[in-house]
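Throughout, read-outs are computed from the coordinates displayed, never taken from laboratory work. Quick caveat, the model's predicted, so the values are computed rather than measured. Methodologically, a virtual Cβ is constructed for each residue, glycine included, from the backbone with ideal geometry; neighbour enumeration extends over all protein chains shown.
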Amino acid sequence: MSIPQPKVAKVIVKTPATRAAVARAVAARVAAPRVAEAPPPAPELELPCEKMVLNMGPSHPSTHGVLRIALELDGEIVTAARPEIGYLHRGGEKIAENLTYNQFVPYTDRLDYLAPLANNVAYVLAVEKLMGLAVPPRCQYLRAMCCEMARISSHLMGIGAMGLDLGALTVFLWTFTERERLYALFEKLTGARLTNSFTRIGGVARDIPDGWIAELRQFLDTFPKTIDEVDKLLTGNRIFMDRNRDVGVLPKDVAIDYGVTGPNLRGSGVKYDLRKAHPYLCYKDFEFDVPVGEVGDCYDRYLVRMEEMRQSVRILKQACDKLPGGPVNAPDFKTILPPKEKVLTRMEELIHQFMVVTEGPNVPPGEAFFSAENAKGELGFYVISRGGGVPWRLKIRGPSFCNLSVLPYLLKGHLIADVVAILGSFDFVMGECDR
Amino acid sequence: MDPILIHLIKIVGVVGVLLFICAYIVLAERRICAFIQDRLGPNRVGIPLWIRKDGSAIQIGARWALGQPIIDALKAIFKEDFVPGHVNKFYFWLGPMLVMAPALMVWAAIPFGSTLCGVPMIIADVNVGILLVFALASLGVYGIVLGGWASNSKYPFLGGIRGSAQLISYELCLGLSVIPLFMQVGSLRLTEVVRWQTEHLWLVCYPWNWLPAIIYVASSFAETNRAPFDLPEAEQELAGGYNTEYSSMKFAMFFLAEYANMITASALMVVLFLGGWHLPFVPVSGGIAVGVAHICIFLAKVCALALVFIWVRWTVPRVRYDQLMGLGWKVFLPLALAGVLITGLAIVAGWSPS
């Protein structure tokens with residue numbers, strides 16, 4: 001395995017609150033220059049030794065769901081790793097071929113179930129791209145806010161679980177407390193805590209309830225304190241750094257070759273964020289930075305996630321300030337459900353309501369691919385329509401699937417304890433890997 | 001009174017108090033980790049005084065869950081004691097016993113008070129006290145190795161291997177780190193160590209003992225398999241390690257032994273560095289009141305140190321297997337040797353009051 005030369009990690013930071021934290025992390029790295037340890041030379045064995053095959057998962061505390069890895073061990077050193085996926089396969093893509101476009105929204109909740117709102121948004125954007133439908137600015141802002149909240153929620157889980165995997169159990173509970181506050185906000189907005197199913201083709205299910213923005217602002221003001229606390233407890237911790245630095249180094253080119261996306265790709269130093277590279281929704285209106293790691297080890301991936309949460313807070317604050325008024329849905333009642341009072345009083349709206357519910361929004365024949373920058377990486381939907389309200393084929397590009405494909409390359413030569421650290425730093429979710 | 005009877009009373013008393021503290025230190029751990037993690041922790045079960053006809057109970061200390069240890073023990077006893085078909089039954093049964101027994105036996109040589117009614121508060125005041133303690137304490141790992149091996153399953157097997165490797169590495173540092181103390185005291189007898197500290201300052205007060213003290217604390221974390229050195233168990237890596245296949249009371253034995261070992265390590269730390277039962281301004285000898293006070297002082301110090309063990313566990317991540325070994329052999333061992341050398345110089349220079 002090629003390990004890059006020791007370098008000082010550079011995480012691009014602009015906000016003053018974070019600068020201190022990352023500067024500390026960087027300073028710690030400088031103080032302890034990173035010696036890229038050569039992989040242990042194969043020992044000259046005099047005795048014929050057997051290798052042991054260890055099944056890690058599908059039910060194991062650190063495989064986050066139902067991933068199974070068949071590890072071939074020489075002592076505790078992994079000599080080969082084979083991820084076995086499919087334990088959570090539900091045939092979502094096939095199901096989509098029998099549902100109207102709106103009916104599939106709840107199924108997208110079950111892809112990355114740690115950030116359901118972002119999945120909803122990515123899916124409807126793909127369908128809307130095929131339809132050539134533009135939604136009003138308020139809807140775009142609302143969707144972007146949903147995405148960023150989902151990102152924070154997912155990263156909180158990712159970082160908490162990473163700490164948990166490394167034996168730092170306290171961080172998990174701290175991040176979960178914050179997640180709980182986010183879930184309360186989700187519940188107020190969408191009516192559900194986990195399976196939000198908030199978006200519709202051409203809009204969202206409902207507008208913001210009264211006082212919600214104020215509550216969100218309050219969350220945004222207090223939440224960074226928790227990140228700082230986690231920073232204090234974990235980021236500069238000597239054991240945590242020893243466990244993560246130079247472990248699971250994923251070089252740039254390899255990351256690109258395997259199709260790794262999201263924070264894992266940026267941890268390897270590739271500055272690629274779809275929100276910047278191909279801005280969608282209203283991301284052009286926001287000022288935010290894309291944090292990038294330099295070495296591509298577990299520690300960089302962790303730092304990138306920490307920083308992305310801060311950037312999401314920045315985006316959300318701007319969105320709260322700039323949130324435009326106006327309608328929340330596209331004014332196209334052939335696509336989106338008309339208001340209830342009109343349905344009950346007017347003929348035309350009643351027909352629209354009937355058609356949208358029974359047949360689905362009419363999507364012209366054609367095909368479209370749209371991918372969004374989700375918490376786990378690039379979540380893409382490839383929709384092929386032959387007209388009508390049901391997709392002819394829907395292909396989902398789950399970021400976790402591609403991210404996990406790099407495991408055989410990464411795990412080789414590491415210890416079992418590192419396997420856990422690497423899995424934790426990859427922050428995958430099997431729902432979207434197996435689909 | 002018959003000396004055998006006195007010894008029996010002492011043994012029953014020590015084991016009883018030790019198990020009592022073990023049970024309540026588990027509760028303390030749960031409450032403290034809840035505090036650290038912004039949770040409530042156990043807060044329902046008190047000590048029942050009376051059960052009303054409608055089934056509700058009058059209980060005390062429910063807020064602090066003082067009855068939790070009783071409930072936990074009942075649960076452990078009444079759970080199905082499942083023995084998987086693939087295990088080696090004899091060694092599978094022997095494992096938990098071998099872990100628990102040494103944890104209790106070690107207390108034979110630890111002075112837990114001065115004298116009470118003219119009876120020395122130590123069960124066996126042997127002249128090789130510390131050697132006996134270390135010899136017995138290191139037996140505990142055989143239980144872990146046996147449990148891991150007899151489970152005939154891969155994760156426990158790895159846990160057992162880790163346990164043995166870890167113990168060998170840290171036993172050495174532990175032993176070396178206390179040598180400076182005995183160079184100053186001039187006896188391996190633990191009562192002598194405490195007596196020396198009552199006559200001079202506590203051993204931790206001398207700067208040349210700070211390095212051994214730090215090494216001793218870190219090594220005893222490794223020795224007792226507590227986080228950050230809980231590698232043989234390593235829930236997130238080995239899914240429970242050596243105790244994966246155990247259930248019911250056999251698991252509880254492993255579980256309790258960990259806490260018993262933790263208390264033993266704290267007690268040794270108290271005896272060796274923190275003056276044992278001695279506290280300034282408390283008379284060194286006296287009547288029953290003073291004797292009881294000494295025991296209480298000792299227990300208070302032990303509990304305070306046990307709280308440190310708990311605090312550390314919920315704060316830091318777990319170290320890696322090879323890093324643990326590296327720390328033991330490459331850092332602690334040379335440092336412990338340096339500690340011996342420094343203390344030797346201090347004695348030669350006449351700084352040490354012995």
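Here are some notes:
- Here A:D434 meets the list (1) among the charged types (D, E, K, R); (2) buried (at least 16 other Cβ atoms within 10 Å of the Cβ); (3) over 16 Å from the mean Cα position of the chain (by Cα) almost entirely, failing just condition (3).
- Scanning the stretch B:109-127 for any residue that is surrounded by fewer than 23 Cβ atoms within 10 Å (Cβ to Cβ), more than 30 Å from B:T198 (Cβ to Cβ) and of a type in the set (A, V, I, L, M, F, W, C) turns up nothing.
- Those residues of the stretch A:236-254 which are under 21 Å from the mean Cα position of the chain (by Cα) and closer than 18 Å to A:G167 by Cβ, in sequence order: A:N244, A:G248
- Residue check for B:L341: at negative phi and free of Cβ contacts under 8 Å to residues at least 12 places away in the same chain: yes
- Here A:R314 fulfils each of the conditions (1) free of Cβ contacts under 8 Å to residues at least 60 places away in the same chain; (2) more than 30 Å from A:I239 (Cβ to Cβ) apart from (1).
- Set side by side, the residues A:Y382, A:Y302 differ, and just one is buried (at least 23 other Cβ atoms within 10 Å of the Cβ) and not aliphatic (A, V, I, L, M), which is A:Y302.
- In the stretch B:1-56, the residues that are farther than 26 Å from B:A252 by Cβ, among the charged types (D, E, K, R) and more than 14 Å from every other protein chain (Cβ to nearest Cβ): B:D2, B:R52, B:K53, B:D54
- Within the stretch B:183-202, the set of residues being out of contact with any Pro (no Cβ under 9 Å at 6 or more places or on another chain) and of a type in the set (A, V, I, L, M) comprises B:M183, B:V185, B:L188.
- Every residue from the stretch A:55-70 that is crowded, with 19+ Cβ neighbours inside 10 Å and in contact with a helix residue (DSSP H, G or I) (Cβ under 8 Å, 6 or more places away or on another chain): A:M56, A:S62, A:T63, A:H64, A:V66, A:L67, A:I69
- If you go through the stretch A:386-431 and pick out every residue that is among the small types (G, A, S), surrounded by fewer than 22 Cβ atoms within 10 Å (Cβ to Cβ) and closer than 23 Å to A:M241 by Cα, you end up with 1.
- Residues of the stretch A:59-73 classified as out of contact with any Pro (no Cβ under 6 Å at 6 or more places or on another chain) and assigned to a loop (DSSP other than H, G, I, E, B), total: 8
- So A:L54, is it hydrophobic (A, V, I, L, M, F, W, C), at the interface with chain B (Cβ under 10 Å from one of its Cβ atoms), under 21 Å from A:L164 (Cβ atoms) and within 30 Å of the chain's Cα centre (by Cα): yes
- Residues satisfying the stated conditions in the stretch B:230-278, i.e. within 13 Å of chain A (Cβ to nearest Cβ), among the hydrophobic types (A, V, I, L, M, F, W, C) and surrounded by fewer than 24 Cβ atoms within 10 Å (Cβ to Cβ): B:A239
- Scope the stretch B:49-66; condition of a type outside the set (F, W, Y) and surrounded by 14 or more Cβ atoms within 10 Å (Cβ to Cβ); matching residues: B:A57, B:Q59, B:A62, B:A65, B:L66
- Test for B:L40: is it in contact with a Leu (Cβ under 8 Å, 6 or more places away or on another chain), surrounded by fewer than 18 Cβ atoms within 10 Å (Cβ to Cβ) and part of a loop (DSSP other than H, G, I, E, B): no
- Test: residue in the stretch B:73-80 that is within 30 Å of B:L5 (Cβ to Cβ), surrounded by 14 or more Cβ atoms within 10 Å (Cβ to Cβ) and touching a helix residue (DSSP H, G or I) at 6+ places or on another chain (Cβ under 9 Å): yes
- Residue in the stretch B:189-205 that is part of a helix (DSSP H, G or I) and within 14 Å of chain A (Cβ to nearest Cβ) present: no
- When A:G75 is tested against (1) over 21 Å from A:M157 (Cα atoms); (2) of a type in the set (G, A, S); (3) more than 12 Å from chain B (Cβ to nearest Cβ), just one condition goes unmet, and that condition is (3).
- Scan the stretch B:299-354 for residues that are more than 14 Å from every other protein chain (Cβ to nearest Cβ), in a helix (DSSP H, G or I) and more than 19 Å from B:V270 (Cβ to Cβ) and the total you get is 20.
- Evaluation of B:L139 against the conditions (1) away from chain A (no Cβ under 14 Å); (2) surrounded by 19 or more Cβ atoms within 10 Å (Cβ to Cβ); (3) without any contact (Cβ under 8 Å) to a residue 60 or more places away in the chain shows that the sole unmet condition is (2).
- The single residue among A:L130, A:L182 that is away from chain B (no Cβ under 11 Å), over 19 Å from the mean Cα position of the chain (by Cα), outside any loop (DSSP other than H, G, I, E, B) and in contact (Cβ under 8 Å) with a residue 12 or more places away in the chain turns out to be A:L130.
- Test for A:G413: is it farther than 28 Å from A:H278 by Cβ, in contact (Cβ under 8 Å) with a residue 40 or more places away in the chain and in a loop (DSSP other than H, G, I, E, B): yes
- When residues of the stretch A:222-277 are limited to those that are of a type in the set (S, T, N, Q) and closer than 22 Å to A:L182 by Cα, the one farthest from the other protein chains (Cβ to nearest Cβ): A:T222
- The stretch B:1-46, residues that are free of Cβ contacts under 8 Å to residues at least 12 places away in the same chain and of a type in the set (F, W, Y): B:F20, B:F35
- Within the set A:V247, A:V230, A:V204, the sole residue that is buried (at least 17 other Cβ atoms within 10 Å of the Cβ) and farther than 27 Å from A:P116 by Cα turns out to be A:V247.
- Taken as a whole, the condition of being within 14 Å of chain A (Cβ to nearest Cβ), aliphatic (A, V, I, L, M), touching a residue at least 12 places away in the same chain (Cβ under 8 Å) and surrounded by fewer than 24 Cβ atoms within 10 Å (Cβ to Cβ) applies to B:A218.
- If you check A:F176, A:F172, A:F219 for being more than 14 Å from chain B (Cβ to nearest Cβ), in a helix (DSSP H, G or I) and under 21 Å from the mean Cα position of the chain (by Cα), only one passes: A:F219.
- Subset of the stretch B:206-234 that is among the hydrophobic types (A, V, I, L, M, F, W, C) and not in a helix (DSSP H, G or I) - its residue that is farthest from B:G163 (Cα to Cα): B:A227
- With respect to (1) without any contact (Cβ under 8 Å) to a residue 24 or more places away in the chain; (2) among the hydrophobic types (A, V, I, L, M, F, W, C); (3) within 14 Å of chain B (Cβ to nearest Cβ), the lone exception for A:L166 is condition (1).
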